[in-house]
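Inspection log for the structure reproduced underneath, given as C-alpha cells.
The values are calculated or read from the model by the stated rules, or taken from the named source; none is laboratory data. Just so you know, these numbers come straight off a predicted model, no measurement behind them. Backbone-built Cβ (ideal geometry, glycine too); neighbour counts: all protein chains shown. These accessible areas exclude ligands, DNA and RNA; they are computed on the full protein's heavy atoms, side chains included. Shrake-Rupley method; radii C 1.70, N 1.55, O 1.52, S 1.80 Å.
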Amino acid sequence: MCEKPAVSSEHVPPKCIFPESKDVKGINLRQHLITVPSCDVHNSAKSKDDEFLMVSLAGIFGNNSIGFQHKFSKVNRAIRRSSNRLLDAAFTKRKHYKLERDNKFLEVIWGTFDHVRLNDCFTHIAYGLHFHHFERRFKGQVKVIMGYLHSKDMSNNNFVQFIKDRAAIDLKDVERCGKNPDVFYYQFVAPDEHGIYLLHMRFYGGIDVYASFLPEDKTKPYNLALELMNEGIETVINLDGKEYHVNVKS
Ligand SMILES: [Zn+2]
C-alpha cells in the first residue's frame, strides 16, 4: 500500500473469512493462506476492517454452503458478542424479515451495505494480492467494482452486468489461484493494449469483485463509451449480441 518499512505480515484476504475446521465438519479451509508484508499503520487499519468484511460477505444469498456454515457459526457468534454492533457497522440501512418454507424459518436482512468501507477493504486486498502475485508493489490507480451488489439504479446494474459478462470472457482460461477455492480464489488477467489489467476475486463461490489496475506510467485510455457514461448520457454497449443500456432516462 505504501513505502513505509514492513514490520509485520497480514493476511489477504483476512484470515477470519476462512472458516475454522471445527465449524465445517473438520474440513481444513485454512491451507496456505496468503500473507504479505505490511507497515504498522496499514496493518492496524486493516485489522479493524477484518470482522466488518467477514460479516458483510459470509451470509450473502448465492453463496455456497461453506459461506453459510461460516455465517451460522463464527459470524453469528461474532455478531452476538458485539451486541449487533458488527451488523450496525456492516449496514447503513437494514430491515429484518423472516422467510418461511416448509415450516422452516430463515431470518434474512435486506439492506444497504457500507459501500465506501467495503470499497476500501477490497482495494486493500487488491494491493496485497498484487504484491503476492507479482512480488512487487503496485503504483498507480486501483478501481473496484462489486459485482454482487444490486443498485436501485437500474442502469448501474446494467453496467455491472456488462462488466461481469465481459470479464467472464477474459477470465475463461485464466488460472485460479488460492488453495481454498470454496472460500476464496483470484485470477489476474494479462494487461490489455493500454497496460490496464484486471483482477477477479471470488468469495464463497458466489461473490464476484473486480479490480482494475492502471499503472502510474500508463495513461488512461480514451474510451468513448466510458466517457459518455461518465457524462450521464444514455449509452448502449453491445457484447456478443446482448445490449446493455446505461444512463437510461426514465
Ligand atoms: Zn503501509
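Overview of values
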quantity: Failed item, numbered, when residue 174 is tested on (1) crowded, with 16+ Cβ neighbours inside 10 Å; (2) more than 16 Å from the chain's Cα centre (by Cα); calculated: (1)
quantity: Hits in region 159-181 - residues which are of a type in the set (A, V, I, L, M, F, W, C) and assigned to a helix (DSSP H, G or I); calculated: 159, 160, 162, 163, 167, 168, 169, 171
quantity: Region 218-235 - residue that is of a type in the set (Ser, Thr, Tyr) and either at pLDDT 80 or above or in contact with a Phe, Trp or Tyr (Cβ under 9 Å, 6 or more places away or on another chain) (or both) and, of those, surrounded by the most Cβ atoms within 10 Å (Cβ to Cβ); calculated: 235
quantity: Residue in region 238-250 that is assigned to a loop (DSSP other than H, G, I, E, B), under 23 Å from residue 148 (Cα atoms), within 25 Å of the chain's Cα centre (by Cα) and of a type outside the set (Asp, Glu) present; calculated: yes
quantity: Region 36-51, subset farther than 16 Å from residue 118 by Cα and open to solvent by 30 Å² or more (accessible area, probe 1.4 Å), residue modelled with the highest pLDDT; calculated: 37
quantity: Residue ID - modelled with the lowest pLDDT, chosen from residues in region 134-158 that are assigned to a helix (DSSP H, G or I) and open to solvent by 70 Å² or more (accessible area, probe 1.4 Å); calculated: 154
quantity: Residue that is modelled with pLDDT of 95 or more and not polar (S, T, N, Q), where the choices are 22, 98, 104, 4; calculated: 22
quantity: Single match in 6, 45 (criterion: of a type outside the set (D, E, K, R) and assigned to a helix (DSSP H, G or I)); calculated: 45
quantity: Residues satisfying the stated conditions in region 30-48, i.e. of a type outside the set (Gly, Ala, Ser) and within 11 Å of the ligand (Cβ to nearest atom); calculated: 36, 37, 39, 40, 41, 42, 43, 46
quantity: Whichever residue in region 85-130 is under 15 Å from the mean Cα position of the chain (by Cα) and among the polar types (S, T, N, Q) and, among such residues, is least open to solvent (accessible area, probe 1.4 Å); calculated: 123
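The rows are residues; the columns are (1) modelled with pLDDT under 95; (2) among the basic types (Lys, Arg); (3) open to solvent by less than 30 Å² (accessible area, probe 1.4 Å).
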{"residue": "9", "(1), (2), (3)": "yes, no, no"}
{"residue": "12", "(1), (2), (3)": "no, no, yes"}
{"residue": "16", "(1), (2), (3)": "no, no, yes"}
{"residue": "30", "(1), (2), (3)": "no, yes, no"}
{"residue": "34", "(1), (2), (3)": "no, no, yes"}
{"residue": "53", "(1), (2), (3)": "no, no, yes"}
{"residue": "58", "(1), (2), (3)": "yes, no, yes"}
{"residue": "62", "(1), (2), (3)": "yes, no, no"}
